[in-house]
Every structure is written in structure tokens, then in C-alpha cells.
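The values are calculated or read from the model by the stated rules, or taken from the named source; none is laboratory data. Every value quoted in this text rests on a predicted model; they were computed, and no experiment measured them. When we count neighbours, we look across all protein chains shown, and the Cβ atoms used for this are built from the backbone with ideal geometry, even at glycine. Just so you know, the surface numbers come from the protein's heavy atoms only, side chains and all, with ligands and any DNA or RNA stripped out. Shrake-Rupley method; radii C 1.70, N 1.55, O 1.52, S 1.80 Å.
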Amino acid sequence: MATLGNPTNTIAVLQKYNFNFQKKYGQNFLIDTHVLEKIIRESGITKDDLVLEIGPGIGTMTQYLAENAREVVAVEIDKNLIPILSDTLSAYDNVTVINEDILKVDINKIAEEKNNGKSIKVVANLPYYITTPIIMGLFESHVPLESITIMVQKEVADRMQVGPGTKDYGALSLAVQYYAKPEIVANVPPNCFMPRPNVGSAVIKLSRYEKPPVQVKDEAYLFAIIRASFNQRRKTLLNGLTNAGNLNVTKEQILEALEKMKLSPSIRGETLTLEQFAQLSNLLKE
Ligand code: SAM
């Protein structure tokens, strides 16, 4: 089977199997070798690695991963792609394809069984409709992870990377930056995909911290505070937290904590750094 990372070979496979794209699954297949090579390079995978690929499609990137990693596990939801994948990946004996929704897969079990519980690397051209649940699922389930190198919508990549004081800053920025160091490594235009998406894309690498950059007494409580602070963007932090209902604190306690942190009672959540959110969550937890 020829490599797929170009329009001619991709079209040939799609026609051979009479494949119809399913919009609901966010299917935009890569057709640009430069982008594929860049993703592989930036992911830093070696022959020691177990790689998890989310959404292999017709196997375009999977072929590159199989060449460069020790072993690849690829999880694809669309059953119509499974016969295609067994054809396009027939030359590789180090790839396992699982026909399942990635949000239902026990990734810890895969890491345990196939990698002795050692850290895995995730590489994917993600289906954009579930980018956030996939990333948060990977982090929150505490899968042993070294890095996640993924294609996402450009705007979402920006959100993951920015700090306070910008319009893109929010709960996703803080959650990602609590777990990993984000770095946008490439911007990718729509013409690198078939069919073309309506949005620009970017490859972002999230390198997992061994220990989070801030220490908190209760991780779940930190994230509850962060979510409450951004739920009502135009409200002050004080009102956001008071109205949340699940934080178990009074308005007076919040005011006291803000005063200890030398923050104004009218401050908005979007101006706080991760360190400040951590400090606030520790004060309110006292
Ligand atoms: N990796 C291929 C490539 O780069 O050409 C395809 C990428 S395409 C953007 C996203 C892929 O994810 C599609 O093959 C789609 O069917 C699959 N997908 C969508 N939702 C999924 C889910 N919940 N679990 C697993 N795969 C999913």
C-alpha cells in the first residue's frame, strides 16, 4: 500500500471503498506530507514509545507513527473505516486498531497492558467537535502520559496557550497549563485536509509536567473555582463564586480571601494567573 499523505492516493482509497465522509465525526483527512512529517518530528516519538492515536481515519498518520514508534494503538469510532484501515496498515505488525469511541476507552488499561504502566505519547489529528473532552479526559483520568501532540482548531490552540488579560483566556487555558506546558508548533491551513475544514488549524504540543507548577490542597476544588469564575464572564469574580452554589463558601469568606491576596473585590476572574487561582482555592478551602 502506497503512503497516503497526498490527494491522489487518498482519493484512490476513498473511491476503492466508496467511502462517504461523516460530518458528525469531524472527518478531515490530512493530505500534506510536510505537515505529517512536522507532526512526527515535533511529537518526539522513538522506537521505545507506545503511541495512542485518536481517530486514524484511513490511516494516513498511522503509517508514519508505525514507522517511527515501537507500537501504535489507534482508536477509531467509524466502523466504515475499519476495513480500510486493515488494508492501508497491512504492512505493519505493530498497530492495533480499536473500533470504539475514544471517550469510552480505558486508556489506563492500554498503558498498563501494552506499556507496563509507563508513560505513553498521544498523537492525533483530532475530531474538532470533542477536542476539550478528549484533552480533559486524558489529563483528569491521570493516564501515564509524556506528551500530547495534536492538530486542533487554531482558535482552540490559542486558548490553550494564552495567559491572563486576553479574550481567549479561560478555563481551558488554566486546566491545560496546570497539567502541561503548551507550545504551538505549526499553523496549518484548510487546504492541507480533505475535505477542507471551515476553520484554520494548528498543531500544539502539550508536554506533561511531572508535578503541577502550583500546589493545591484539592485539585477538584481548584477546577470548580476556575469554572465558576469563567461561567459568567461579565460578572466579577466575587459574584461568580458566590453564585456558583457548589463551593461551600460565603461572600464574606471570599472577600476575606481576596483581601489577603491584595485583590480588589471588583476584580474579574479573567485577570487572575494560575498561581492566584491556586492561592485563592487554598485560602477558601481552609
Ligand atoms: N488521522 C486522520 C488524518 O489525519 O487524516 C483522520 C483525522 S479526522 C480529523 C478525525 C478522525 O477521528 C476521523 O477518522 C473520525 O472518524 C474519528 N473520530 C471522530 N470521533 C471520534 C471518537 N469519539 N472516537 C474515536 N475516533 C473518532
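Checking region 87-94 against the condition returns no match, with no residue being within 10 Å of the ligand (Cβ to nearest atom) and either touching a residue at least 40 places away in the same chain (Cβ under 8 Å) or not assigned by TED's automatic domain parsing to the domain that holds F193 (or both). Comparison of G137, G57 shows that the only residue that is surrounded by fewer than 20 Cβ atoms within 10 Å (Cβ to Cβ), under 23 Å from Q22 (Cβ atoms) and within 15 Å of the ligand (Cβ to nearest atom) is G137.
Can K217 be described as under 30 Å from E146 (Cβ atoms), in contact with a Lys or Arg (Cβ under 7 Å, 6 or more places away or on another chain), of a type in the set (K, R) and surrounded by fewer than 17 Cβ atoms within 10 Å (Cβ to Cβ)? For K217, the condition - under 30 Å from E146 (Cβ atoms), in contact with a Lys or Arg (Cβ under 7 Å, 6 or more places away or on another chain), of a type in the set (K, R) and surrounded by fewer than 17 Cβ atoms within 10 Å (Cβ to Cβ) - is met. Pairs are defined by a Cβ separation below 6 Å, a sequence spacing of at least 6 or placement on different chains, a first member in region 52-64 that is more than 17 Å from C192 (Cα to Cα) and aliphatic (A, V, I, L, M), and a second member that is near the ligand (Cβ under 7 Å from one of its atoms) and modelled with pLDDT of 95 or more; the pairs so defined are I54/V75; I54/I102; I54/A124. Just to be sure, is L52 under 14 Å from L126 (Cα atoms), more than 8 Å from the ligand (Cβ to nearest atom), modelled with pLDDT of 95 or more and under 20 Å from the mean Cα position of the chain (by Cα)? Here the answer is yes, as L52 does meet what is asked. One residue stands out among those in region 140-153 that are within 14 Å of the ligand (Cβ to nearest atom) and over 18 Å from N115 (Cβ atoms): the one that is surrounded by the fewest Cβ atoms within 10 Å (Cβ to Cβ), which is Q153.
Among the criteria (1) free of Cβ contacts under 8 Å to residues at least 40 places away in the same chain; (2) part of a helix (DSSP H, G or I), the one I98 does not fulfil is (2). Looking only at residues in region 83-114 that are over 20 Å from the mean Cα position of the chain (by Cα) and of a type in the set (G, A, S), which one is farthest from K24 (Cα to Cα)? The selected residue is A91.
When the residues of region 35-54 are narrowed to those that are outside any helix (DSSP H, G or I) and in contact with a Leu (Cβ under 8 Å, 6 or more places away or on another chain), which ends up most open to solvent (accessible area, probe 1.4 Å)? Outline the logic, then answer.
So the first thing to find is which residues in region 35-54 are outside any helix (DSSP H, G or I), and the list is 44-54.
Filter once more, so that each one left must be in contact with a Leu (Cβ under 8 Å, 6 or more places away or on another chain): 45, 51, 53-54.
On the way: I45: 21, V51: 0, E53: 3, I54: 5 Å².
By that ranking, first place goes to I45.
Here are K24, K47: which of them is more than 20 Å from A91 (Cα to Cα) and either modelled with pLDDT of 95 or more or near the ligand (Cβ under 10 Å from one of its atoms) (or both)?
K24
Filtering region 262-280 for residues that are free of Cβ contacts under 8 Å to residues at least 24 places away in the same chain and among the β-branched types (V, I, T) leaves an empty set. If the condition is being open to solvent by less than 10 Å² (accessible area, probe 1.4 Å) and either in a loop (DSSP other than H, G, I, E, B) or of a type in the set (G, A, S) (or both), then region 73-88 contributes A74, D78.
Residues satisfying the criterion are absent from region 101-119 (criterion: open to solvent by 20 Å² or more (accessible area, probe 1.4 Å), closer than 20 Å to P189 by Cα and of a type outside the set (S, T, Y)). Going through (1) surrounded by 13 or more Cβ atoms within 10 Å (Cβ to Cβ); (2) within 18 Å of N125 (Cβ to Cβ); (3) modelled with pLDDT under 95 one by one, M1 falls short only on (2).
Under 7 Å between Cβ atoms, at least 6 apart or on separate chains: pull out the pairs that start in region 110-133 with a residue that is under 20 Å from D32 (Cα atoms) and end on any residue that is within 12 Å of the ligand (Cβ to nearest atom) and among the polar types (S, T, N, Q). Here the result reads Y128/Q153, each pair linking region 110-133 to a residue that is within 12 Å of the ligand (Cβ to nearest atom) and among the polar types (S, T, N, Q).
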